[in-house]
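Report on the structure given below.
The values are calculated or read from the model by the stated rules, or taken from the named source; none is laboratory data. What you see is a predicted model; the values in this text were computed from it and never measured. Cβ sites come from the backbone with ideal geometry, for glycine too, and all protein chains shown count toward neighbours.
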Amino acid sequence: MTLQDSENPDVTQDEVEVLLPNTTIVTHCILKNDIPRLTKSFEDDTDPFKEIIAELINQRDDNGKSPLDIACTLGRADMVLVEFNCNLQQRNTNGERAKETAVRYNHAECVDYLDWAEARSFLAETCRTTQETVQDPEKVMGRLTKEDKGIVLNSCKEKLEWIDNNPGATTQDFLDQKAALVEVLGPILLKISEPPPEKPEKK
């Protein structure tokens, strides 16, 4: 602050945020157990880390640990990393996923939470990839009818809406919803693995 600033009490300077040594804003918040600050970096467009936070959420530290690995080592299942699409399948230098790290450290709450997050993620990903597949002419190659496509797209849309409308769903709920979806779509999607129909010869 300059002498002129000190003489003018209305002049303020932005407070410089100091992170813990050898951390990013993500790992800093995990170590400090500061969920509100981490959430702000994702949701506040004026936050200084807003533009890079998506890259940092899966970035490994010098020891090869991702932010989720660190959270699971500390037993902090309440961190919001999963809500902002961290990679649940990423493995550390020991070949472990974050859930396996939580198991090793006997953090049962973390394990249960990650089981829930995986079940939710698998259901959503199944819906999205299936929608993309049936709308790709190169993959379908005329093997699905218009009715087939309608059933697939509507079923996936309903499941995605169900996910959004049921924040309190359990792990088993997600597994049951996925099983029900596979039962409906299985016979239709099986057609995609069959040879494409032959085109009629031109006369």
Any hit, region 113-132, residues being in a loop (DSSP other than H, G, I, E, B) and modelled with pLDDT of 95 or more:
no
Contact list, first residue from region 94-118 and closer than 18 Å to F84 by Cβ, second anywhere and in a helix (DSSP H, G or I) and among the β-branched types (V, I, T), beta-carbon distance below 8 Å, six or more apart or interchain, is K99/V111; Y113/V82; L114/V82; W116/T171; A117/V82
Hey, does region 50-59 have a residue that's surrounded by 13 or more Cβ atoms within 10 Å (Cβ to Cβ) and over 19 Å from the mean Cα position of the chain (by Cα)?
no
Which of the residues that make up region 89-104 are crowded, with 17+ Cβ neighbours inside 10 Å and of a type in the set (A, V, I, L, M)?
A98, A102
Just name the residue that is nearest to P167 (Cα to Cα) out of those in region 105-114 that are surrounded by fewer than 16 Cβ atoms within 10 Å (Cβ to Cβ) and touching a helix residue (DSSP H, G or I) at 6+ places or on another chain (Cβ under 9 Å).
D112
When the residues of region 68-88 are filtered to those that are surrounded by 15 or more Cβ atoms within 10 Å (Cβ to Cβ) and of a type in the set (D, E, K, R), which remaining residue is farthest from D173 (Cα to Cα)?
D69
Region 144-172, residues that are touching a residue at least 40 places away in the same chain (Cβ under 8 Å) and either of a type in the set (D, E) or surrounded by 15 or more Cβ atoms within 10 Å (Cβ to Cβ) (or both)
L144, D148, I163, A169, T171
